[in-house]
Structures are given as structure tokens and as C-alpha cells.
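Structure, as C-alpha cells:
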Amino acid sequence: MLKLNVNGRNHQVDVEPEMPLLWVLRDHLNLPGTKYGCGEGLCGACTVHLDGKAVRSCTLPVSAAAGKRIVTIEGLSKDGLHRIQEAWIEHEVPQCGYCQPGMIMSAAVLLEKNPQPTDADIDAAMTNLCRCGTYLRVKQAIHAAASAVKAAKPAAAKKA
Amino acid sequence: MTLKVNRREFLKVSAAMGGGLMLEFCFPFVAQAAQVAQAAKAFHAAKSVVVTEVNAWVVIHPDDRVAVRIARSEMGQGTFTALAQLVAEELECDWAKVSAEFASPNEHIRRKRIWGSMSTGGSQGVRSSQDYVRKAGASARAMLLEAAALRWQVPLAECTVERGVITHAPSGRQLSYGQVAAAAAKLQPPKEVRLKDAKDWKIAGKSLHRLDIPDKVRGKPVFGVDVALPGMLHAAIAQCPVFGGKVQNMDASVAEKMRGVKKIVSEPGYVAVIADSWWRAQQALRKLKVEWDAGEYGKASDATIAAMLRAGLEAKDLPQPRKLGDVDAAFTAAAKVIEAEYQSPYLNHATMEPQTCTVWFKPDGFLEVWTSTQDGEASLLAAAEVAGLPPEKVEVHKMMLGGGFGRRGGPQDFVRQGVAIARTMPGVPVKLMWSREEDMQHGFYRPASLVRLKAALDANGKLLALHSRIACPSILAVLMPGAMKNGIDFTAVRIFSDMPYQIPHQQVDYAQRNGHVPVGFWRAPGQQNGFYRECFIDELAHAAGQDPLDYRLALLAANDKNRLVLEAAAQAAAWRSPLPAGVHRGLAVVEGFGSYAAIVAEVSVSAKGEPKVLRIVLAIDSGYVVNPDTCRAQAESNVAFGLSSMLYQQNTVKDGRIVESNFHDFPLLGMSEMPKVEVVFANTGGFWGGHGEPGILPLVPAVCNAIFAATGKRVRSLPLSRQDLRKI
Ligand code: FES
Ligand code: FES
């Protein structure tokens with residue numbers, strides 16, 4: 001039995017230690033928001049957060065995730081509307097949408113580390129692939145989410 | 001039609017009562033069985049929930065919510081929302097209360113194909129159903145108004161409607177759509193309706209938020225691969241690596257003992273493992289020892305395919321999809337004759353969601369299928385055929401597609417497999433999903449092709465004759481034989497056979513050379529001909545010493561819409577203005593899929609020969625635009641899709657099989673490579689063109705022409721990663 005903490009909930013799963021986290025999430029914990037695109041770490045559709053880092057769950061043995069904090073798209077925010085998700089809706093980022101949970105999870109970590117990324121920072125951090133070609137909007141939405149925070153900060157400071 | 005709450009509606013209610021589960025319109029069975037039972041009880045208790053189908057497209061809830069039924073599929077192109085906009089526009093309802101749901105393929109069959117076509121391809125989603133969906137909206141509006149007039153006993157002409165609220169101005173009375181829907185549904189639909197003029201649109205023509213996006217950014221289970229049913233098992237598949245080959249022998253002794261494995265399936269062309277998780281199924285699949293009988297194509301290779309196409313170019317007595325004047329005489333009289341050969345490789349669709357299908361042979365004899373399909377009806381018929389059931393006993397739940405691009409329409413191979421595999425475990429839902437490797441190596445590829453182009457110019461460089469010989473496998477011959485005409489597949493010859501350029505002598509010869517690699521509709525089928533034609537025209541402009549824009553304009557009739565978009569793109573990109581050092585321009589214009597599209601590309605090429613596409617300006621005339629932002633997104637999508645193919649992609653053949661297996665050897669464009677995209681809507685109205693595909697048509701040639709401007713090198717074969725683009 002492996003102990004997993006996913007989206008703040010503890011789970012015990014009876015799976016092979018080498019099973020990639022992706023399949024534990026999708027098929028054993030019924031969290032299908034995290035997607036399979038390549039299984040080889042090439043596309044980023046399977047991106048989740050592991051102790052605050054963006055990782056590709058298709059190549060991560062579940063045993064390496066045990067005891068760590070795992071966050072999936074389903075748990076990114078309580079109400080399903082993280083500021084990044086809001087920016088994604090506002091800028092109509094998804095086309096088919098299949099790569100987008102991975103995109104959003106990558107973007108969340110990028111903004112966590114770098115609250116005001118430049119285009120070049122985004123290019124470097126966002127290596128997720130999108131077959132539909134949503135890249136321009138991903139970039140716009142990341143900038144929008146970044147400036148939303150910037151705009152929100154002084155207000156929050158005033159309140160405090 | 002008056003409606004008791006139908007089965008789907010019932011399930012929708014069930015799902016909602018079972019705890020706010022999933023997407024109500026396409027995910028009826030996701031609830032746990034116990035929750036369904038509980039919800040059913042609650043439902044029977046709550047008699048007040050009645051929705052009304054005013055007509056097949058328009059369903060109205062008592063609280064005025066409107067559900068619009070959508071027959072076409074949603075794969076990111078936005079049709080789901082655009083069609084709802086068109087219906088809502090004519091219905092005059094409140095957009096904030098509109099939702100969309102997929103029409104049921106089973107109901108479609110039982111109601112004599114009431115929703116028209118379910119096929120979603122060829123950029124047809126909006127343009128070939130706009131007429132009847134708008135009429136459905138208008139007809140429903142008329143019935144709702146009439147019902148209110150009857151209730152009030154006032155003349156119909158005194159009633160008006162705005163945002164779903166009907167007003168009788170003389171008495172000041174009002175009724176909402178929800179209040180009169182049931183009465184309206186009992187009325188006869190009007191014999192004729194008048195559709196609004198586009199200039200009066202309030203909902204259509206606007207960049208409204210797409211209805212499918214909120215669920216997609218929340219990671220809701222909307223895709224085919226997300227289906228989860230109680231007791232469901234997972235299947236992984238390995239098809240014979242050589243197309244057309246068969247299983248000769250299989251040793252499952254190791255695989256069948258592996259953890260979670262429930263069943264090993266062997267069909268003539270593939271083997272599959274059913275297990276309690278997909279990963280376990282896939283692990284066991286790798287331990288299956290399969291001997292394949294490669295069949296007759298085990299030796300096929302790029303070389304044999306190239307030889308096949310070349311032999312096509314040399315063949316005599318080919319069908320001629322176009323013949324004007326006398327090209328041979330023109331060549332004899334010409335001041336200059338220019339010849340070139342162009343070619344393109346096979347290309348996989350590489351939809352980000354691999355092929356998938358979930359199938360449940362239910363104990364009551366009914367078959368339920370969940371799949372990401374571009375044609376719900378075709379999926380249903382394929383499933384019924386394999387299962388040996390009448391179509392009325394099959395339902396297909398249309399899921400959101402994780403990309404389509406033509407892969408999920410015609411063949412329905414994944415549905416056939418899903419049914420054959422699940423049949424081995426009746427009563428148990430089985431979800432089949434292909435690995436990326438299977439998906440890459442068992443596609444229906446954009447045909448590889450080879451063309452020889454020969455042009456005659458007069459002393460002033462004017463184009464007198466163009467002879468195009470095209471050797472290309474036929475998509476239609478296999479997938480839609482009924483659409484072949486006199487041995488001609490229009491998807492193989494378009495762009496040459498319907499050329500807008502005014503050239504007095506034209507001949508197109510078509511050599512259908514099919515090979516063993518399955519071919520299919522890949523975004524804008526025939527788009528490779530745009531690359532060939534528009535790059536060759538550039539060669540001719542160069543030979544004539546003329547500006548490529550002027551050269552084209554001189555060949556286009558005054559009122560030709562190709563001309564208008566070409567001028568619009570050139571103007572938006574300031575074609576004649578100087579460029580920064582190291583930046584070069586190219587352009588191209590191609591019509592197709594109902595629209596006219598022209599692109600100006602700005603490109604730089606490094607000293608090492610690495611191209612970088614900086615800016616794409618697309619002018620498009622689709623007559624009307626239903627959702628401008630979605631159309632802009634489609635332009636961006638066409639650019640990314642086209643550049644991926646142009647820069648990197650090819651599927652090569654060795655020992656009868658596809659060599660490439662995943663995104664390391666079939667790369668997609670990445671974030672840092674995406675150019676700026678500017679879209680000019682040059683709509684002239686009066687016709688309905690598409691947006692899912694036209695943008696790709698002029699893309700590759702515009703970029704390759706810019707590369708010529710940068711380097712002096714003509715690109716006549718793709719992808720560019722195989723070319724040396726260092727400046728001459
Ligand atoms: S599925 Fe994990 S990187 Fe592609
Ligand atoms: S939105 Fe379709 S793959 Fe990215």
C-alpha cells in the first residue's frame with residue numbers, strides 16, 4: 001500500500017511502485033483531468049505539481065510521489081477557478097482543450113516562481129506541446145494572470 | 001412535438017441530483033449506479049421537472065433556460081458554440097440562459113436523421129448547417145410567439161419578443177419562453193420563416209465566450225479518454241506494424257498471468273489486452289509474444305513509394321480533371337518554359353488525445369458507446385455493424401474531441417475495434433485507448449505526393465500555359481468511393497483543377513497511385529497542392545522578373561475574391577514597405593473550404609540556415625463570421641499546424657511500417673516558435689465559408705516563398721528540417 005496525498009486528501013493505493021503517477025491518478029483515483037499525450041515526458045499533458053514543482057506524471061513512478069504533496073488540475077483551486085483558469089477563460093485559450101490542464105499546471109508553477117515573467121521566460125518555462133496551436137493565447141493569459149496579481153497586491157496591502 | 005422528459009433528459013437530471021456530477025449534456029453514465037438509483041427515486045418524486053422540445057434543436061426549461069442541440073462535433077474549432085449562437089440569434093432568447101448539448105445519434109437514426117448531417121469535417125460545421133439551424137431557431141420563435149398570442153387571445157402582430165420575453169405592448173402583458181414552451185410545442189411549425197439579415201445580428205457575429213471552455217480549464221472529464229463507468233475495464237491495443245498484415249501466432253502465457261489482466265483478445269489485424277487499468281493492460285501487451293504475418297507489403301519503403309509516385313508521373317492516358325486550350329502547342333510557342341518537381345511526405349494527424357472508444361454491451365441487449373468522433377452517426381453505424389445489432393439498439397455518446405483534424409471521421413477504426421474488444425466481455429464496459437505509438441503508426445495519413453509542373457511564359461513573362469501532373473494516393477477511393485468522379489479524387493487535384501488564375505492553356509493529369517499506407521482527410525485535404533502551386537507561381541514571377549504580388553494580381557480577374565483577400569493581406573502587411581535587415585516576405589493565396597485566404601509571411605533565416613517565422617498576416621473572406629474570436633483562434637491553429645508540418649514532420653516507411661513513433665521524431669511546433677498572427681476579416685457576405693482549414697492553404701507556400709526571398713533557395717520538398725537553407 002502506498003500513501004499518496006492528492007489535492008489535500010490522503011489516499012492508500014495498492015499498485016505497483018513503478019506504475020507512473022499518471023495512471024494512478026487517472027485509473028485508480030478517478031482524477032482524469034491529468035492527461036496522457038505521449039507517455040515519454042515529451043508533451044507535458046500529464047503535468048501535475050509535486051511539492052510545488054511541475055512534474056510530468058507519465059514518467060514518474062508513483063513510489064517517487066509517495067509522501068509528497070500532489071496537486072492535479074482538479075485540486076488547483078477550491079472552486080475550480082484559480083486566477084490562471086480565469087485568465088484562460090477570459091482569453092479563450094483552449095481549443096480542443098486536451099493539453100490545457102498540463103498547460104495550466106505548468107503556468108501556475110511558473111507564476112509562483114516568477115510573478116512577472118517576460119515572453120522569453122514563458123517560452124523557456126512552457127515546454128508543453130499543443131497540437132491545436134494555442135500558444136499565443138497561453139502567453140497572453142499568463143501575462144494577464146500576472147498583471148491581475150500585480151493589480152490585486154496594492155489593494156490587498158491596503159486592507160492589511 | 002410535446003415531450004415527456006426523455007431518457008437523456010432523465011439521466012441529466014439524475015446526474016445533477018447524484019451530486020453535481022460532470023457535464024450534464026454528454027456524460028450521463030458517470031454516476032455510480034447507487035447514485036443513479038437514488039436520483040431516479042428523487043426524480044420520480046419531483047414531478048415538476050418538465051422540459052419542452054419545441055423542435056429538434058430547441059429545448060426549453062420552465063425556468064427559461066434554453067438547451068440547443070448540436071449535431072456536429074466539437075474538437076476545438078468552436079462549432080458547438082457557433083451553432084448555438086445561430087439558433088439563439090433567430091430564437092431571440094437570452095444568451096446568458098443558453099447551453100448546448102450534443103444531439104443523440106440514436107435519436108437521430110430513430111427520428112429519420114432529423115438533425116441533418118452529424119459529420120464534422122471539411123470546415124462544414126457551420127457553413128453547411130447554418131441554414132437549417134437558423135430556420136429551427138426562427139421556427140421555434142414563431143411558435144412561441146403564437147402560443148403567447150393564443151393564450152392572450154390577441155393578434156400575433158401585437159406580440160414582440162426580446163431575450164426570451166414576449167410582450168403584448170397594448171396590454172403591457174408579458175410571458176417568458178419557459179411559460180409558453182409547452183403550448184408552443186403543440187402548434188404546427190410555420191411553413192416559412194424569414195431569417196435575419198446579418199447586419200441585425202445581436203448574438204451571432206459576436207465574439208461570445210465559448211460554451212465548452214470553462215469545463216475544459218477545470219479539467220472536467222469531457223473527453224473520450226475520460227469516460228469512467230462503474231466496473232469499467234481498460235484495453236490497450238497493438239496492431240500489426242505492417243499495414244494489411246495479420247496475427248499469425250500469439251503466446252499469451254506470460255501476459256495473461258500479469259497483475260490486473262482480465263482478457264487477451266486476438267483479432268485478425270491486432271491483439272489487445274483488457275485489464276483493470278490502462279497501464280497494466282499496456283504492460284501486459286508488451287509481454288505478448290506475437291508473430292505477425294506482414295502480408296504482401298513487408299518490403300515497402302520510402303524508395304518503393306517514391307518509385308510508385310514517379311511511375312505515376314510517367315504514365316500515359318491519365319484522367320484530366322482540367323483541360324483548357326492546348327498546353328503542348330503553347331509550350332512550342334513559348335518564349336520560356338519552366339519546369340519543377342515538388343513533393344510532400346505522409347503526415348499523421350497526431351491528435352493530442354489518442355484514439356479511444358468505450359463500449360458497453362448491456363445486459364438488456366442495448367449497446368452503448370462513448371467516443372471522440374467527428375461523426376456520431378458514422379460511429380453508431382460502425383458499432384452496429386460490428387456488433388450485428390440494428391442501429392436503433394445502439395447509442396453513441398459524443399464526447400469532446402482532444403483534436404480531430406480529419407482523423408476521427410471517415411474510418412471509425414477505433415470504434416470497430418472498441419466494439420470487437422468489448423464483445424469479449426459482455427456486460428462489462430471496456431475503454432480502449434491507443435498508445436501514442438499506436439496512434440503515430442496506425443493513422444490515416446495525409447497522402448505523400450509528387451507533382452511535375454511545367455509552365456510556358458511569353459516574352460513578357462506572362463503565364464500562357466500550365467501543365468500539372470499529379471501523382472497522389474486517393475483518399476476518396478477508400479473512404480468515400482461514391483465521391484470519386486471519372487477516376488478523379490478531387491482532394492488530390494484541387495487547387496490545380498479549380499485554379500482562379502486566368503491562364504489560357506491548362507492541363508491537369510491525375511495519376512492515382514495508392515500504395516499500402518492508409519490515407520485520410522488531414523486538415524484541409526489537398527493542402528499540399530497549395531504549397532506546390534503557390535511556390536511555383538512564385539518561381540514564375542521570379543523568372544519573369546516581376547513582384548510576386550503584381551504577378552498574381554495580373555492573373556486574377558477583377559472581381560475575383562482571391563484578389564480581394566490578396567490585396568487585403570498585402571495591405572495589412574504593408575507588402576511594399578521596406579523591412580528590417582534580415583527579415584523577408586513571401587505571400588500566397590488559395591481558396592478552399594468555402595473561403596478565400598491569403599497570407600503574407602515574414603521570415604528570417606540564420607547563417608546556419610535555421611528559419612524563424614516571425615509574423616503571419618492572414619486575410620480571409622468567409623462571407624460571414626459567426627464568432628470572430630473563434631475564427632481568429634482557428635487562424636492561429638492553422639498556422640501552428642501548418643508550421644509543424646512544414647518545419648519538422650514526415651512519416652517515413654521502412655519494412656512496410658511507419659518509422660516515427662512519438663513526438664521526439666514527429667515534433668510539434670513549440671511555444672517559442674509560434675509567430676505573431678494577425679487576421680484580417682475581409683468578408684464580402686452573400687456566402688458561407690469555413691474557418692477550420694482555409695488558413696493552412698496559403699501558409700506553407702507563403703513561408704517558403706519568404707525563405708526564397710531570404711536565401712535564394714527554392715523549397716520544393718518538405719519538411720524543412722531535411723533541407724539546407726543556408727544562403728546561396
Ligand atoms: S504524457 Fe507525459 S509528457 Fe506527454
Ligand atoms: S488545445 Fe488542443 S492540444 Fe492544446
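The values are calculated or read from the model by the stated rules, or taken from the named source; none is laboratory data. On a predicted model such as this, the values are computed, not experimentally measured, just so you know. Reconstructed Cβ throughout: ideal geometry from the backbone, glycine too, with neighbour counts over all protein chains shown. Accessible surface is based on the protein model in full, side chains and every heavy atom, while ligands, DNA and RNA are left aside. Shrake-Rupley method; radii C 1.70, N 1.55, O 1.52, S 1.80 Å.
With a ≥ b ≥ c taken as the square roots of the eigenvalues of the C-alpha gyration tensor of chain B, please select rounded if a/c is under 1.5 and otherwise prolate if a/b is larger than b/c or oblate if it is not? Oblate is the answer for chain B, as a/c is 1.5 or above yet b/c matches or exceeds a/b. Centre-to-centre, using Cα atoms only, region B:420-487 and region B:370-417 are separated by 20 Å.
In chain B, helices alone account for a calculated mean residue ellipticity at 222 nm of -9000 deg cm²/dmol, with every DSSP H run of four or more residues adding -39,500 (n - 2.57).
Normalising the average separation of contacting C-alpha pairs (under 8 angstrom, six or more residues apart) by the number of residues puts the relative contact order of region A:2-75 at 41 percent. Considering only alpha-carbon pairs that sit under 8 angstrom and 6 or more positions apart, the relative contact order computed for region B:254-394 is 10 percent. Residues whose amide H lies under 5 Å from that of B:Ser176, counting only those 5 or more places away or on a different chain, are B:Ile166; hydrogens are built 1.01 Å from N in the peptide plane. Once all protein chains are placed together, B:Asp63 keeps about 80 Å² accessible to a 1.4 angstrom probe.
Sequentially through region B:225-238, phi angles give Karplus couplings (6.51, -1.76, 1.60; θ = phi - 60°) of 5, 8, 4, 9, 10, x, x, 5, 10, 10, 10, 10, 10, 10 Hz, Gly and Pro residues having no value and appearing as x. Counting only protein heavy atoms and using a 1.4 Å probe, the accessible area of B:His584 comes to about 50 Å².
If you sort the three axes of the alpha carbon gyration tensor as a ≥ b ≥ c, you get a/c of 1.5 or more for region B:78-130 and a/b no higher than b/c, which makes it oblate.
Simple spin-label estimate for B:Ala558 and B:Ser266 gives 7.4 nm between the two label positions (7 Å along the Cα-to-Cβ direction from each Cα).
Relative to one another, the C-alpha centroids of region B:231-283 and region B:655-684 are positioned 32 Å apart. Take each residue of peptide A:67-79, count the partner chain Cβ atoms within 10 Å of its Cβ, and average: the result is 1.
Taken about its Cα centre, chain B carries a charge dipole of roughly 820 debye when the Cβ of each Lys and Arg holds +1 and the Cβ of each Asp and Glu holds -1. As a rough guide to protection, the peptides B:75-82, A:113-120, B:453-460, B:568-575 ranked by mean Cβ packing within 10 Å, highest first, stand as B:75-82, B:568-575, B:453-460, A:113-120. Close amide H pairs (under 5 Å, H built 1.01 Å from N) link B:Glu591 with B:Ala597, residues at least 5 positions away or on another chain. If you sort A:Leu42, B:Leu380 by accessible surface, 1.4 Å probe, largest first, the order is A:Leu42, B:Leu380. With every protein chain in place and a 1.4 angstrom probe, the accessible-area ranking of B:Trp57, A:Trp88, largest first, reads B:Trp57, A:Trp88. Amide H contacts for B:Ser449 (H built 1.01 Å from N in the peptide plane; partners 5 or more residues away or on another chain; cut-off under 5 Å): B:Ser344. Heavy-atom accessible area with a 1.4 Å probe sorts B:Leu668, A:Leu136, largest first, into A:Leu136, B:Leu668. Highest mean packing comes first when the peptides B:483-491, B:424-432 are listed by Cβ atoms within 10 Å, giving B:424-432, B:483-491. What the phi angles of region B:322-334 give under the Karplus curve with 6.51, -1.76 and 1.60, with θ = phi - 60°, is a coupling list of 8, 8, 10, x, 9, 5, 5, 4, 5, 5, 4, 8, 5 Hz, glycine and proline written as x. Using a 1.4 Å probe and counting only protein heavy atoms, how much accessible surface gets buried when B and A come together, both sides summed, in Å² to the nearest 100? Summing both chains' loss of accessible area gives about 4600 Å². Of the cross-linked pairs B:Lys97/B:Lys199; B:Lys112/B:Lys186; B:Lys262/B:Lys654; B:Lys112/B:Lys362, those separated by over 29 Å at the C-alpha level are B:Lys262/B:Lys654.
Rolling a 1.4 Å probe over the protein heavy atoms of the protein assembly as shown, with every protein chain left in place, gives an accessible area that is 53 percent carbon and sulfur.
Calculate the length of the line joining the C-alpha centroid of region A:33-52 to that of region B:115-194, in whole Å. Cα centroid to Cα centroid, the span is 47 Å.
Ranked by the mean number of other Cβ atoms within 10 Å per residue, highest first, peptides B:299-312, B:148-161, B:407-420, B:383-396 order as B:407-420, B:383-396, B:299-312, B:148-161. Given Cβ point charges of +1 (Lys, Arg) and -1 (Asp, Glu) and nothing else, what value in debye, to the nearest 20, does the dipole of region B:582-650 about its Cα centre take? Once rounded to the nearest 20, the dipole reads 260 debye. Take each residue in B:669-679, count the other chain C-beta atoms within 10 Å of its C-beta, and the mean is 5. What you get for region A:26-160, charging only the Cβ of Lys and Arg (+1) and of Asp and Glu (-1), is a dipole of about 380 debye around the Cα centre.
The antiparallel fraction among DSSP beta bridges confined to the protein assembly as shown stands at about 75%. Looking at chain B, the DSSP beta bridges with both ends there are about 75 percent antiparallel. Which entries in the list B:Lys608/B:Lys713; A:Lys35/B:Lys431; A:Lys3/B:Lys287 go over 18 Å, if you measure between the two C-alpha atoms of each? Cα-Cα > 18 Å for A:Lys3/B:Lys287; rest within.
Net charge near B:Leu195: determine it from the other residues with C-beta under 15 Å of the C-beta of B:Leu195, scoring Lys and Arg +1 and Asp and Glu -1.
+2
By the rule of a C-alpha distance below 16 Å, with chain neighbours fewer than 8 residues away ignored, the lysines paired with B:Lys196 are B:Lys135, B:Lys206. Short-range pairs are left out: with C-alpha atoms under 8 Å and at least six residues apart, the relative contact order of chain B is 13 percent. Solvent exposure of the protein assembly as shown, expressed per residue, is 37 Å² of accessible area, with all protein chains present and a 1.4 angstrom probe.
Couplings for region B:243-255, taken from phi via the Karplus curve 6.51 cos²θ - 1.76 cosθ + 1.60 with θ = phi - 60°, read 4, x, x, 9, 6, 9, 8, 9, 10, 9, 4, 7, 4 Hz in order; Gly and Pro are left as x. Peptide B:205-218 shows a mean partner chain C-beta count of 6 within 10 Å per residue C-beta.
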